[in-house]
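One structure is given here, and the rest of the page talks about it.
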Amino acid sequence: MSGSNLQFCVPAGGRLQGTVRVPGDKSISHRSIMLGALAEGVTQVSGFLEGEDNLATLEAFRAMGVKIDGPNHGRVTIHGVGMAGLRKPTAMLNLGNSGTSMRLMTGILAAQSFDCSLMGDESLSKRPMKRVTVPLASMGARIETTAAGTPPVLIHGGTPLRGIDYLMPVASAQVKSCLLLAGLFAQGRTCVTEPAPTRDHTERMLRGFGYAVDVTGNQVCLNGGGRLRACGIDVPADISSAAFFMVGASIAPGSDLLLQHVGINPTRIGVINILRLMGADLSLRNERVVGGEPVADVRVRYAPLHGIRIPEDQVPLAIDEFPAIFIAAACADGETTLTGAHELRVKESDRIQVMAEGLHTLGIDARPTDEGMVIRGGRIGSGVVHSRGDHRIAMSFTMAALRAQATIRINDCANVNTSFPGFVSLAQHTGINLRAEG
Ligand code: S3P
């Protein structure tokens with residue numbers, strides 16, 4: 001999955017037009033497999049994201065004895081085994097590049113009767129796991145990591161868990177979800193309080209599976225010992241994938257693009273809010289609720305952007321979209337300042353560092369700070385930028401070419417398939433002259 005030799009070659013210029021539907025939501029797709037596996041009955045999923053990250057989750061549950069049909073054009077059928085039905089896998093589970101798989105599954109696996117080990121690729125092997133193993137330990141779990149708190153993760157089974165009341169030090173939906181999933185199996189009540197709202201798909205989907213979840217302000221609670229009932233899941237298009245095209249159409253003169261069936265859950269729409277503050281022309285149409293998640297078609301037309309100070313309360317709501325937002329900032333008039341986003345340093349890459357390096361290559365004044373960046377908009381040059389194997393960075397610099405002086409080449413792009421299979425052809429379809437080489 002390292003795919004270090006796939007390069008994107010993106011000639012300068014172009015505009016985005018037409019109507020497209022980007023692939024399904026990654027977060028919801030992961031949870032559909034996990035909850036479907038633990039449920040009683042057969043869960044049918046449509047719109048499932050067939051990216052490598054989600055396939056890693058799917059294969060891991062197959063390895064634990066869950067019968068899963070598909071994926072076939074986004075359709076997946078999960079034959080749930082119930083809360084006590086998972087079986088010990090015969091080998092270590094390899095979760096590739098997927099932090100969400102590892103963190104959420106650690107919560108489920110901490111409560112099983114068997115031992116289990118989780119590993120990942122080079123990037124995942126550097127990512128912090130103490131944020132989940134420390135609170136899980138206080139629930140009674142026995143988990144080992146490296147001394148640095150990184151994978152591989154060795155989970156000892158056969159340990160009864162008890163509910164906790166946990167105040168999360170970082171705003172992380174992965175940590176919240178991990179503890180809620182562990183809480184399903186724990187004795188008593190588990191309550192998680194987050195310092196700021198983060199994506200709430202786990203809470204919504206648990207309810208969809210018939211599990212009672214109590215939300216009061218920033219606190220989510222559930223009682224352990226219940227059951228999940230299989231249900232149908234219609235996965236909306238991923239706003240995190242749509243975000244690249246929102247930025248592309250906003251920065252390329254003459255663009256007018258319609259993105260269909262985009263998930264607009266209020267805990268995910270930071271990118272829309274931030275781009276609008278910068279002057280972007282985004283309008284929502286045909287707003288509706290599909291399977292408990294709000295969805296809309298998003299029309300994006302070119303508009304001149306201006307720099308802003310990004311409100312810190314938008315950071316968790318746009319946490320995966322900053323590489324794309326930085327490209328918008330590089331094309332905006334004036335300075336854009338991001339603060340309160342230290343989490344970006346521990347994503348699939350150090351996104352503050354790697355984006356700053358790429359922007360410098362393109363001649364943009366980008367000043368990284370410990371927890372953010374200051375970017376002065378300017379002329380986008382050209383050259384070879386490195387994505388460092390980070391899917392979202394590769395796709396963000398693809399959009400930068402729309403405003404570049406000459407061709408931009410982006411190295412190490414194979415991991416685009418972790419979250420956005422079909423990106424190259426979809427980008428070409430909208431008007432980007434992208435070629436994948438190597
Ligand atoms: C995710 C939560 C986010 C996000 C990740 C997916 C999820 O991570 O970056 O891509 O599905 O819960 P954090 O909650 O750790 O910020």
Practice prompt. Quickly run through region 15-39 and pick out the residues that are away from the ligand (no atom under 14 Å from the Cβ) and of a type in the set (A, V, I, L, M).
Written response: 16, 20, 22, 37, 38, 39
Worksheet item: Taking only pairs six or more apart or across chains, which ones have beta-carbon atoms under 6 Å, a first residue in region 418-431 that is under 23 Å from residue 388 (Cα atoms), and a second residue that is of a type in the set (Gly, Ala, Ser)?
Response: 418/51; 419/51; 420/241; 421/51; 424/436
Item to complete: Restricting attention to region 116-132, report how many residues are in a helix (DSSP H, G or I) and touching a helix residue (DSSP H, G or I) at 6+ places or on another chain (Cβ under 7 Å).
Response: 3
Practice prompt. Check off (1) touching a helix residue (DSSP H, G or I) at 6+ places or on another chain (Cβ under 9 Å); (2) among the charged types (D, E, K, R); (3) away from the ligand (no atom under 16 Å from the Cβ) for residue 207 and give me the number that stays unchecked.
Written response: (1)
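One line per residue, one yes/no per condition, for (1) within 22 Å of residue 243 (Cα to Cα); (2) open to solvent by less than 10 Å² (accessible area, probe 1.4 Å); (3) in the same structural domain as residue 379 (by TED's automatic domain parsing):
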| position | (1), (2), (3) |
| --- | --- |
| 8 | yes, yes, yes |
| 12 | yes, no, yes |
| 40 | no, no, no |
| 47 | yes, no, no |
| 57 | no, yes, no |
| 63 | no, no, no |
| 72 | no, no, no |
Fill in: Residue check for residue 137: over 20 Å from residue 348 (Cα atoms), crowded, with 17+ Cβ neighbours inside 10 Å, hydrophobic (A, V, I, L, M, F, W, C) and not assigned by TED's automatic domain parsing to the domain that holds residue 348
no
Discussion item. Give me the residue from region 174-194 that is under 17 Å from residue 103 (Cβ atoms) and open to solvent by 10 Å² or more (accessible area, probe 1.4 Å) and, out of that set, nearest to the ligand (Cβ to nearest atom).
Written reply: 174
Worksheet item: In region 1-75, which strands (runs of 3 or more DSSP E) lie fully inside it and hold 1 or more residues that are free of Cβ contacts under 8 Å to residues at least 24 places away in the same chain and farther than 18 Å from residue 202 by Cβ?
Response: 67-72
Practice prompt. Take the residues in region 146-170 that are within 16 Å of the ligand (Cβ to nearest atom) and open to solvent by less than 50 Å² (accessible area, probe 1.4 Å), then tell me which one is farthest from residue 127 (Cα to Cα).
Written response: 166
Item to complete: Any chance you could count how many residues in region 315-355 are surrounded by fewer than 20 Cβ atoms within 10 Å (Cβ to Cβ), assigned to a helix (DSSP H, G or I) and either more than 10 Å from the ligand (Cβ to nearest atom) or among the aliphatic types (A, V, I, L, M) (or both)?
Response: 4
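The values are calculated or read from the model by the stated rules, or taken from the named source; none is laboratory data. Just so you know, these numbers come straight off a predicted model, no measurement behind them. Note: ideal-geometry Cβ built from the backbone for every residue, glycine included; neighbour counts use all protein chains shown. What goes into the accessible areas is simple: the full protein's heavy atoms, side chains included, and nothing from ligands, DNA or RNA. Shrake-Rupley method; radii C 1.70, N 1.55, O 1.52, S 1.80 Å.
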